[in-house]
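The values are calculated or read from the model by the stated rules, or taken from the named source; none is laboratory data. Values in this document were obtained by computation on a predicted structure and should not be read as measured data. Quick reminder, even Gly has a Cβ in these numbers, built from the backbone with ideal geometry, and neighbours come from all protein chains shown.
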Amino acid sequence: MYGRILSKSIRISGSLTSGAIIGIFYHESRRRIRVNDGKSVDLNDRERTILRYVVQDFIETATPVGSRFISKKHEGELGLSSASIRNVLSDLEGLGYIDHPHTSAGRVPTDLGYRFYLDSLMATARLSETEKQSIRENLDSAEEVEEFLQESSRLLGRISRQLCVVTSPQFNTGVFEKLEVVQISGNRIMVIISIKSGLVRTIMMEVASEIPREKLEELSRFLNERLSGLTLQQIRESFVDRVKDAQGEQTGLIRLFIDSVDKLFVPPRTDRLHIGGTETIVQQPEFMNPKDFRSVIELLSSEEIIIHVLQKHEAGLGDVTVTVGRENDDEKLQPYSVITTRYGLGEVTGMIGMLGPKRMPYDRIIPLVDYVAKTISEMFSSSTR
C-alpha cells in the first residue's frame, strides 16, 4: 500500500453537466489527409461543412443524419437545398467519410470521417471558471492518493457519461529517496519506502525475532547510501549486487530483503485501476441491444484489456490522444473510441483513459480530460510544498 495525506480542505459541490461547457473556437484552416486508397484528398469548404454537421448531429441524436434534417436544422447557416446537400453527402460517402446503415437514407460518420473531424473540423470547448472550481472542489474531498484517484475517475465518468479509467502512479519509475525500518512487534517490521515525488509505500514483513532499534537504524543508513538516486525498477534489477558484501550481517535482514525484493520494490497490481462511469455508459443508445450490452460488460470486467489499451497510448504530459474504431488494435475495442492522457506526480506518472462509443462529444470530453489531468498534477505538486 502506498499513499500520502493531501493537506486540503474538504468541500463537496454538486455534480457538473457537460452541457454547461462554454467557449467554442473553430479553426478553419484546410488540412490534407489520406483516404483508404492512399491518395491525398482535399475537401472543399462545402464538403467540410456538411461533414462537420453530419458528425455533430449524429453525436447529438444517435440517429443517421439525412439531407432534409441538415437542411432544416442548419438552414440559416448553409443556404443550400436538400438536393444540393444530398449530392455532397453522396460525394463524402464515395470518399469514405460517411456511410449509410442498412437501407436508411441517413448517413453516419465512418472512422475516417471521425478522424478528419477530430484533426480538422472540431470546435474546441473550454470549461467555464465555475466548472473548473466545481471540479477542484470535488477532488478536494479526498485525502489519500488512491481515494483521490478514485474520485477523479468517478467525477469524469459522471460528467462525461463515458467509462473512465485512472491508473495509480507508476511507482517503480520513481526515484528512491529514503527507506526506514520500524519494529512493529516481536516478529513484525514495517518497511517505509519514500520516493522523491512525495509518494510513500509501506510493507509489512515477518522476522524471526525482535531486532534492536540501533540495528534497524544501521540497516536503514546502509541501504539509503547504496540505493540513493536509483529508480525502484533499477533497485529491483541490481539489489543483490549492491548489497552482496553485507549478506552475512547478523540480523538476517539483508537476506530477507534479497528474498523479498519483488515485494519491496515492485508495487502490487491491486488498486492499479480506478474505474468510473460504469452506471452511465450502459445507458448510451449504442448498448440498448443485448448483444452490445454484453460486449461492454465483458470489456469492463477485463482488467488486462484495459491495461493493455492504456499502455498502447504513450501520451506525454500535456498531450491528449484519441483513437477511433479500427485505429484500436484490439478487435474488442473497435466499436469504441479511446481518449488518453497522463498526469504527473513529480517524476512518476499515471494515466487517464476515457472509453465510449465512437459517437462521443469529443469537443467537450477532450478538454475535460485534459483539465482533470492537469488539476491532479497541480494538486499533488502543491501538497508536497
Scan region 201-212 and give yes if some residue there is outside the structural domain of LEU345 (by TED's automatic domain parsing), of a type in the set (Lys, Arg) and closer than 14 Å to VAL182 by Cβ, otherwise no. yes
ILE192 vs (1) of a type in the set (Val, Ile, Thr); (2) assigned to a strand (DSSP E or B); (3) touching a helix residue (DSSP H, G or I) at 6+ places or on another chain (Cβ under 9 Å): all pass except (3)
Here the qualifying pairs (Cβ atoms under 7 Å; residues six or more apart or on different chains; first in region 115-134 and touching a residue at least 40 places away in the same chain (Cβ under 8 Å); second surrounded by 16 or more Cβ atoms within 10 Å (Cβ to Cβ) and charged (D, E, K, R)) come out as TYR117/ARG52; LEU121/ARG48; LEU121/ARG52; MET122/ASP363; ALA123/ASP363; THR124/ASP363; ALA125/ASP363; ALA125/ARG364
Considering region 60-72, residues that are under 35 Å from the mean Cα position of the chain (by Cα) and surrounded by fewer than 19 Cβ atoms within 10 Å (Cβ to Cβ), and then whichever is farthest from ASP363 (Cα to Cα), we arrive at THR63
Counting only strands (runs of 3 or more DSSP E) wholly inside region 291-385, the ones holding at least 2 residues that are of a type in the set (Val, Ile, Thr) and at pLDDT below 85 are 348-357
Looking at region 202-210, can you tell me whether even one residue there is in contact with a Ser or Thr (Cβ under 6 Å, 6 or more places away or on another chain) and either at pLDDT below 85 or not hydroxyl-bearing (Ser, Thr, Tyr) (or both)?
no
When region 123-139 is checked residue by residue, the ones that are surrounded by fewer than 19 Cβ atoms within 10 Å (Cβ to Cβ) and not β-branched (Val, Ile, Thr) are ALA123, ARG126, SER128, GLU129, LYS132, GLN133, ARG136, GLU137
Residue set VAL145, VAL108; condition closer than 25 Å to THR340 by Cα, of a type in the set (Val, Ile, Thr) and outside the structural domain of VAL322 (by TED's automatic domain parsing); output residue VAL108
* Does any residue of region 156-178 turn out to be in a helix (DSSP H, G or I), among the hydroxyl-bearing types (Ser, Thr, Tyr), crowded, with 22+ Cβ neighbours inside 10 Å and under 17 Å from the mean Cα position of the chain (by Cα)? -> yes
Considering region 88-118, residues that are surrounded by fewer than 16 Cβ atoms within 10 Å (Cβ to Cβ) and among the polar types (S, T, N, Q), and then whichever is nearest to THR61 (Cα to Cα), we arrive at SER104
When SER141 is run through (1) assigned to a helix (DSSP H, G or I); (2) over 30 Å from PRO335 (Cβ atoms); (3) of a type in the set (Gly, Ala, Ser), the failure sits at (1)
